[in-house]
Amino acid sequence: MIIKKYIFIGLCFIFLMVLLSFVSKDITSQQPVVLKKNTKPNVLFIFADDQRADALGASGNTYIQTPNIDKLSDDGVRFTNSYVMGGHHGAICAPSRAMLMSGKSLYHVYDKLNGIKTMPMHFSENGYETFGTGKWHNEKTSFEASFQHGDNVFIGGMANHYNTPMRRLEKNGKLSEPVKKGYSTDMFTDAAINYLKDYSKGKQENPFFCYIAYTAPHDPRSPREDYIGMYSDTEIPVPGNFKALHPFEFDNMNVRDEILGPWPRTPELIQASLADYYALISHMDNRIGDVIATLKKQGLFENTIIVYAADNGLAIGSHGLLGKQDLYEHSMKVPLIISGPGIPKDKTEDALVYLFDIFPSLAELCDLPQPINVDGKNFAPIIKGTETKIRESLYTTYRNTTRAVRTDEWKLIRYPERDFTQLFNLKSDPLEIKNLATLEEFKPKVEQMMILLEEWHSETDDVANMNPSIILPLAYDYKKLKQTPDKHQPQYILDKYFKDVDLKNTKKTNQ
């Protein structure tokens, strides 16, 4: 009798538990699904246009004011030897951005991104919400394929900063027709700030990848009105490797960037150019401060990795040049700063890195799968302190006319069409002033570096003929070079830098 009683009680208990489980399941099914909040870091990627690596306070430049970018350096890691690989035409910006976005080297992507998997695509495929604003120099359709959201997008290489054509990424995934708006730096910044504010109002279920590509400090060197005169035309010193003329011809000496000032270059011209150039950068820095302030106000800053870089450098008087169509350090070396969660503070690294290394490196820092079919090397272990370098040397190229290779200490520049070589010791001569290639004692070093250059030439699938049958002269007549403004130069620039040029027919031609 007692046994039957316990069996009955046990059966009742089992029935009650089964009933409760059904009731619990029914109740649960009526409740909204609670998603786990994003735990991966957000990414804010800020990309400048034509900014020399030394045009930052953080790099030791005491003449320029860049407090907000300097603070990123204080809060993160600054790479002192970051490079663009080069370009196959004068608009270095286009291949540079293609390499950055694809993770591929120059001869595997050139400047075309259609059909190529890009960095924002990779982040999107791994749960990120993507937004882009600013300059996109690699086909409209590739922007549409890369970003989920976009506003104030400029498709092209350069424009008048005061009157830049902007597009919006519509809900159908297509960019609108361009509408000319206000000052470029402000338009791009405002678009990013509006996106971040909208994001913060949402559920934040997915982390964001926000890309801001400024057109500053690319010419026209026409700062916003209230920044004109921020720097005196007479107080900024010329570069330490200033020359009135480049000592020899190695390519088209009348290429577009070089026509922005007359020949020979004068200290006054370069000082005035630097004053406007620095003003463009300081304005951009100020607006970057506004973006960072928005991150903080919206509670997003602590979980956001911030990358600051530029597509290439610029000469502005160095070696008698104005542009970036050469392989000197001032044109190929670029700023690169990374800060945010998990990133050491106030650290500098001298490892040799390319811009296209950022893609795989950022993927690891955000705990994403490594991208496939890329040439970039992952430098995240350097940031984490487990490695000190990812390569022993680095290769840069410009068109078919110039090739260079550098190690920690040495750099060789070869001009195959002129059968001319330069060798610099970057430790003792960082400004590349003294060519050692002609000295007998450095012949072994030249031979050693030439072997290294030939190895890179082969490994990168470089198409240049390093042993042409026709050798061109080094000498040129600067008096035959013509200064002609293009249609993007506003009146401020024409009045300041083209005052001695006959503009009667020029404007009509370039409109």
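The values are calculated or read from the model by the stated rules, or taken from the named source; none is laboratory data. This structure is a prediction, so every number in the text was calculated from the model and none was measured. Cβ placement follows ideal geometry from the backbone for every residue including glycine, while neighbour counts extend to all protein chains displayed.
Miscellaneous remarks
- Consider the stretch 206-249 and keep the residues that are touching a helix residue (DSSP H, G or I) at 6+ places or on another chain (Cβ under 7 Å) and of a type in the set (D, E, K, R). The one that is surrounded by the fewest Cβ atoms within 10 Å (Cβ to Cβ) is D233.
- Answer residue from the stretch 188-205, given it is out of contact with any helix residue (DSSP H, G or I) (no Cβ under 6 Å at 6 or more places or on another chain) and surrounded by 21 or more Cβ atoms within 10 Å (Cβ to Cβ) and is nearest to P485 (Cα to Cα) among those: F188
- Residue in the stretch 367-374 that is of a type in the set (D, E), surrounded by fewer than 20 Cβ atoms within 10 Å (Cβ to Cβ) and in the same structural domain as K104 (by TED's automatic domain parsing) present: yes
- Of all residues in the stretch 474-489, those that are without any contact (Cβ under 8 Å) to a residue 60 or more places away in the chain have Cβ atoms under 8 Å from Cβ atoms of residues that are not polar (S, T, N, Q) and not in a loop (DSSP other than H, G, I, E, B), 6 or more apart or on another chain, in K487/K507.
- Scan of the stretch 130-155 for residues that are basic (K, R), over 16 Å from the mean Cα position of the chain (by Cα) and buried (at least 23 other Cβ atoms within 10 Å of the Cβ), ordered by number: none
- Filter result for the condition that a residue is assigned to a strand (DSSP E or B) and either of a type outside the set (F, W, Y) or surrounded by 18 or more Cβ atoms within 10 Å (Cβ to Cβ) (or both), over I433, I413, I470, I390: I413
- Among all residues of the stretch 299-320, there is none that is aromatic (F, W, Y), in a loop (DSSP other than H, G, I, E, B), in the same structural domain as F250 (by TED's automatic domain parsing) and more than 19 Å from I382 (Cα to Cα).
Per-residue answers, yes or no, for (1) out of contact with any strand residue (DSSP E or B) (no Cβ under 8 Å at 6 or more places or on another chain); (2) in the same structural domain as G313 (by TED's automatic domain parsing); (3) modelled with pLDDT under 95:
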{"residue": "P178", "(1), (2), (3)": "no, yes, no"}
{"residue": "A192", "(1), (2), (3)": "no, yes, no"}
{"residue": "S200", "(1), (2), (3)": "yes, yes, no"}
{"residue": "Q204", "(1), (2), (3)": "yes, yes, yes"}
{"residue": "Y211", "(1), (2), (3)": "no, yes, no"}
{"residue": "Y214", "(1), (2), (3)": "no, yes, no"}
